[in-house]
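Bear in mind that the values in this text are calculations on the coordinates, not laboratory data. As the structure is a computational prediction, the values presented were derived from the model and not from experiment. With ideal geometry, Cβ positions are generated from the backbone for all residues, glycine too; neighbour counts draw on all protein chains shown.
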Amino acid sequence: MSNVKKRASLFIKGLVAAILVLGIGYAIYMNFFKEKEVTAIDKSDLASNFTLKNLKGEEVKLEDYRGKGVFLNFWATYCPPCEKEMPYLESAYKDYKDKDIEVLAVDVGEPRIIVNQFVSKKELSFPVLLDWNADVADSYEVNTLPVTFLINEKGEIKERISGEMTEENIRYYLKSIVPER
């Protein structure tokens, strides 16, 4: 092997080793040393307000939905249980949107173009919001997807549901947050 090839091989091995060390160091820093701004969420706590952009680039604030029941769903296009829920959620949303219920589907960490294609393909009509940096998901302590928060008309979290739901589950939970009039 020529000297040039040996140097190139050593350089590549060194580069790979440096990247591994940096990656491990970053993971340790993020998990043990970096302070996160996390608001603990518990049942009957007021839902933390947030502002996110929808697929049209318009800002949407959670507090704008005070007075309505909110089905706050954290999801992603690459998540099979999330994808399976979407048609059920769309069907139930059509029946409950006139009952002072709002569905807010918060996509976690994906670019608008991917989410927009997914929403168009699935023909979803409820608001889809983009949490590119996962800041809102972090503040709600979302670690796995899908996760749904049921928020009543007073802005209180009534339930946190982790994992895939059936259409019957979704309808049951939507019914539970219909505002009392």
Response to the item:
Filtered hits (aspartates and glutamates, Cα-Cα < 12 Å from residue 154, offset >= 8 within chain) -> 45, 63, 64, 180
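Can you pull out the chymotrypsin sites (Phe, Trp or Tyr not before Pro) in segment 39-113 whose DSSP state is coil and whose Cβ has at most 15 other Cβ atoms within 10 Å? Display every interim value, and only then the final one.
Working: sites: 50, 65, 71, 74, 75, 78, 88, 93, 96; in loops: 50, 78.
Hits after loop and neighbour filter: 78.
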Worksheet entry | Cα gyration tensor shape of segment 82-139, rounded if a/c is under 1.5, else prolate or oblate by comparing a/b with b/c | oblate
Discussion item. Just to be sure I understand: of the beta bridges DSSP finds with both ends in segment 51-176, what percent are antiparallel, rounded to 5?
Written reply: 60 percent
Practice prompt. For segment 51-176, just say rounded, prolate or oblate: build the C-alpha gyration tensor, square-root its eigenvalues into a ≥ b ≥ c, call rounded for a/c under 1.5, and beyond that prolate if a/b exceeds b/c, oblate if not.
Written response: rounded
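How would you rank 7, 66, going from fewest to most other Cβ atoms within 10 Å of each one's own Cβ? Please report the intermediate quantities before stating the final value.
Working: 7 10, 66 15.
Listing 7, 66 from fewest to most nearby Cβ atoms yields 7, 66.
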Worksheet item: How far apart, in nm, are two points set 7 Å out from the Cα along the Cα-to-Cβ line at residue 10 and at residue 162?
Response: 5.0 nm
Discussion item. What does the extension gain come out to for residue 53 and residue 176, with contour length at 0.36 nm per residue minus their alpha carbon separation?
Written reply: 41.6 nm
Worksheet item: Which pairs in the list 94/158; 53/94; 61/84 are over 25 Å apart, alpha-carbon to alpha-carbon?
Response: 61/84
